[in-house]
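Read through the structure below, which is laid out as structure tokens, and then see the notes.
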Amino acid sequence: ASLALAITFAVSVFNPVQAEVTDTTVNWTREQASQIKLDKSNTLPYTDIKELEKMTSDYHIWDSWPLTDRDGNIARVKGYKVLFALTAPSDVLPGKVHDIAKIQYFYSRNGKDWTLGGELFPDGDSLGSREWAGSAMFDKGKIYAFYTATGRNGEERLTYEQRMAMSIGDVTADKDGIRFENWDEHSILFEPDGEHYQSYEQAIEGGYSGYAFRDPQWFKDPKTSKEYIVFEGNSGGAVSERTCKPEYFGSPEHTAPNGSEHFNGNIGISEVVNGDFSNIKMLPPLMEAKCVNDELERPHIIVKDDKYYLFTDTHINKYAPGLEGPEGLYGFVSDTLIGGYKPLNGSGLVIANPPENPYQAYSWLVLPSLEVISFAHFGDLGDMDINEVGHQSPEFQFEHWGGTMAPTVEISIDGDRTEIKRERPQGWIK
Ligand code: FRU
């Protein structure tokens, strides 16, 4: 044991890389999160879901993302905009959708009226036993499609391992629509290191508490032209080794009740070195929510007025004991891509569902125009968490679920303050 201690000491003193690590990762602290409060500037208007149109009657749809160019702007291919979404046939029970998710795409000339184009990848091409969220970039006639490969191909019993995957294909567009063809063999971009990012094995040992390694989001830094993948993770290490430290509290008045050490969501980043997808450099997380929150989902960055705005989504039931927050979009701002992030509006809260319909929408994605897309659930879940839907009777599940695009909302950003400005058409991409 003393040798191990000596080595740990030597490593922490003499390894400059490690010293840098702790300087760059920012904590979303309990003090900051305890300031979460719904008000006019952040609360969505109530949407009567019955007035929304289904994107398609054949499928449930939930997480969605547009085709962008390399710089993150909405792409237009021969006049078409493209929207990708996770889908599952509408006759399966909502509790099952995540187990069979497949990416499909829609295309549109006006960014409002979407036509279903079909599955993004030919059957059997993608890695994993189902496809979870990602992003898609268009450059010089090619699509670079990033997604989460969940589970393993052909597995008999569902497993939950998540890996960042991609493929590159050709894009063809004509008067009949847009197609994605001639895909390269799919590849795994990177996997968790177990140190900064919890591995599947560590998650299993810890009884699956808080495991995510998913939602690869393309990002090119306009200041340096370097390219990155931003993603959802959990901090590494076994639950038994974790403690809640003062730096997670933010101030001495804030401590953490027992059990908070289970909560370890983070926002990861890795560099695509010189644009080479076979040369990915994993970096320490941009942000950690240790002892604060367990799931920082679908993280993404936009740059405005020379500042980096980092956004993420989380659920009501992902907050550590003693903290409360809505199903919502949260954001942070910094002058640098790495380090320095401060929560927007003091707490981080940018968009919350209305209290009378707490599960109205989810999976918000902020576009460079500051238009925010998300999906809506049909039916009122009452006080129920969306994750509990799967345990309900089939009648309840059909009646109370089924996703479609929510009305797009426009926000304004002024330094470290944001405000919901107005509602826009359902699923609108400017
Ligand atoms: C968010 C999410 C994503 C994941 C997908 C799985 O709604 O949890 O993080 O990729 O749903 O269906």
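How tilted is helix 2-14 with respect to the longest principal axis of the chain? Cα atoms for both, answer in degrees (0 to 90, nearest 10).
Its long axis makes an angle of about 70 degrees.
What length, rounded to one decimal in nm, is gained on full extension from ASP383 through to GLU185, with 0.36 nm per residue of separation minus their alpha-carbon distance?
Between ASP383 and GLU185, full extension yields an extra 66.8 nm.
Largest first, how would ARG298, ARG424 line up by accessible area (1.4 Å probe)?
ARG424, ARG298
Treat each spin label as a single point 7 Å out from the Cα along the C-beta direction, and report the ASP193 to LEU38 distance in nm.
4.0
For an R0 of 30 angstrom, estimate the FRET efficiency from the Cβ-Cβ distance between LYS78 and ASP221 and round to the nearest 0.05.
0.55
If you wrap segment 339-417's Cα atoms in a convex hull and average its projection over all directions, what's the area in nm²?
Projected over every direction and averaged, the Cα hull of segment 339-417 covers 6.8 nm².
Would you calculate, for the chain, the mean residue ellipticity at 222 nm contributed by helices, counting each DSSP H stretch of 4 or more residues as -39,500 (n - 2.57) and dividing by all residues, to the nearest 500?
Counting only the DSSP helices, I get -2500 deg cm²/dmol.
In Å, the Kirkwood hydrodynamic radius of the chain over pairs of distinct alpha carbons?
When all Cα pairs of the chain are included, the Kirkwood radius is 22.0 Å.
Per-residue HN-Hα couplings for segment 142-148, Karplus 6.51 cos²θ - 1.76 cosθ + 1.60 at θ = phi - 60°, whole Hz, x for Gly and Pro?
10, 9, 10, 9, 10, 7, 9
Rounded, prolate or oblate: which fits segment 292-360 when a ≥ b ≥ c are the square roots of the eigenvalues of the alpha-carbon gyration tensor, with rounded for a/c under 1.5 and prolate only if a/b beats b/c?
Taking the square roots of the gyration eigenvalues as a ≥ b ≥ c, segment 292-360 is prolate.
Roughly how much of PHE138 is accessible, in Å² to the nearest 10, using a 1.4 Å probe?
40
Using Cα centres only, tell me the gap between segment 36-73 and segment 299-314 in whole Å.
18
Charges on Cβ only, +1 for Lys and Arg, -1 for Asp and Glu, centred on the Cα centroid of the chain; of LEU286, THR29, ALA75, which one is farthest towards the dipole's positive end?
Value: ALA75.
Report the gain in length on full extension from TYR46 to ASN317: 0.36 nm times residue separation, minus Cα-Cα distance, nm rounded to one decimal.
In short, 95.5 nm is gained.
Extension gain THR159-LYS421, at 0.36 nm per residue separation less the Cα-Cα distance, in nm?
90.1 nm
What is the set of long-range amide H partners of ARG130 at a cut-off below 5 Å, with H atoms built 1.01 Å from backbone N?
Distant-sequence amide H within range of ARG130: THR150.
GLU410: accessible area at probe 1.4 Å, nearest 10 Å²?
GLU410 exposes around 40 Å² with every protein chain in place.
Between THR115 and GLU395, what is the label-point separation in nm under the 7 Å Cα-to-beta-carbon projection?
Computed distance between label sites GLU395 and THR115 equals 4.1 nm.
What figure in square angstrom, to the nearest 10, would you give for the accessible area of SER374 with a 1.4 Å probe?
Probe radius 1.4 Å; accessible area of SER374 about 10 Å².
Sort ASP176, ASP99, ASP276 by accessible area with a 1.4 Å probe, largest first.
ASP176, ASP276, ASP99
The values are calculated or read from the model by the stated rules, or taken from the named source; none is laboratory data. Please read these numbers as outputs of a predicted model, since none were measured by experiment. Counting neighbours? That spans all protein chains shown, and the Cβs are built from the backbone with ideal geometry, glycine included. Please note that ligands, DNA and RNA were not included when accessible areas were found on the heavy atoms of the full protein model with its side chains. Shrake-Rupley method; radii C 1.70, N 1.55, O 1.52, S 1.80 Å.
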